[in-house]
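All remarks here apply to the structure that follows.
The values are calculated or read from the model by the stated rules, or taken from the named source; none is laboratory data. The model shown is predicted, which means the values in this text are computed figures rather than measured ones. Every residue, glycine among them, receives a Cβ derived from its backbone with ideal geometry; neighbour counts consider all protein chains shown. To get the accessible areas, we keep the full protein, side chains included, count just its heavy atoms, and leave off ligands, DNA and RNA. Shrake-Rupley method; radii C 1.70, N 1.55, O 1.52, S 1.80 Å.
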Amino acid sequence: MKNKSYVWLVCVLLSIAAMGKAQVVTLENGVGITSLRTGDFSTDKVYPYHISLGYQYLDKGWFNLSSNIGYLRKGGQVKIDYNSIFGESSGNVILKSKLNYLTINTTFDIKKTSTDGYTFFVGVGPRIDFKLKATDESYADWDDLNHDYPTQKSTIKGLHPLQFGLKCVGGIRKDFGNVQLGVNIAYLPTFTRVISGGAHDRTFTFGLSLGYKLGGNKGDVKTIRTVRHHK
């Protein structure tokens, strides 16, 4: 039933994109930096992959709106020292939490284009994360390979199905004809705890974006700006 809901959600978003007459369709992928925090305790950071499909629309020169849907992994890891158990052997057991989400966001982006065609922007807007799958995984990291510790996996239960937060993003992009290349850095603060009474996540993302401009409006705008510049 949940899978059907996600399919319907994707269909609705694609319909909104069509009605909104998206000006630039984008694909972003990169890595995240994420950890879990509760009280004074924080897990070690992990660096998962993320990917999203988006579109920029309502471009008014100094601002535009940007909406995205994608896959995002959050989590963290903890190292447990087993030296005291195995005597002179040195090593750890790694406990890693993998929290997978379908993420949706819309940001209001303020932008400035330089004379050489680079566009710098910052944006902020609401974000919703839908839980897909969450697992705990433990495995050995031994210096002494004589000790055997099988990899173990288990499903994490009791997580909130939805997380609400913001996307705070900044970056730079440049147009090459109808193609747009960019670099984005985002901070994703979340208001909802991962689990009731439990940890918050702390997540950043770094991504490269590839965009394609729809229609000829962008070229017309560039021509007008060039004429004004020469005047």
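Using only the Cα atoms of the range 148-200, build the gyration tensor, take square roots of its eigenvalues as a ≥ b ≥ c, and label the shape rounded, prolate or oblate: rounded if a/c is under 1.5, else prolate if a/b is larger than b/c, else oblate. Oblate, since a/c reaches 1.5 and b/c is not below a/b. Accessible surface comparison of TYR57, TYR101, TYR118, probe 1.4 Å, protein chains only, largest first: the order is TYR118, TYR57, TYR101. These residues, LEU65, LEU72, go from largest to smallest accessible area, 1.4 Å probe, as LEU65, LEU72.
Would you mind checking LYS98/LYS213; LYS96/LYS157; LYS60/LYS213; LYS45/LYS174 for any pair whose Cα atoms are more than 24 angstrom apart?
Pairs exceeding 24 Å: LYS98/LYS213; LYS45/LYS174.
Applied to the range 126-135, the Karplus parametrisation 6.51 cos²θ - 1.76 cosθ + 1.60 on θ = phi - 60° returns per-residue 3J(HN,Hα) values of x, 9, 10, 10, 9, 5, 9, 8, 9, 9 Hz, with x for Gly and Pro. When nucleic acids and ligands are ignored and a 1.4 Å probe is applied, SER196 ends up with an accessible area of around 90 Å². Ordered by solvent-accessible area of protein heavy atoms (1.4 Å probe), largest first, the residues ARG37, ARG73 come out as ARG37, ARG73.
Would you calculate the separation in nanometres between label points at VAL122 and ILE156, each defined as 7 Å from the Cα along the Cα-to-beta-carbon direction? Modelled inter-label distance: 3.1 nm.
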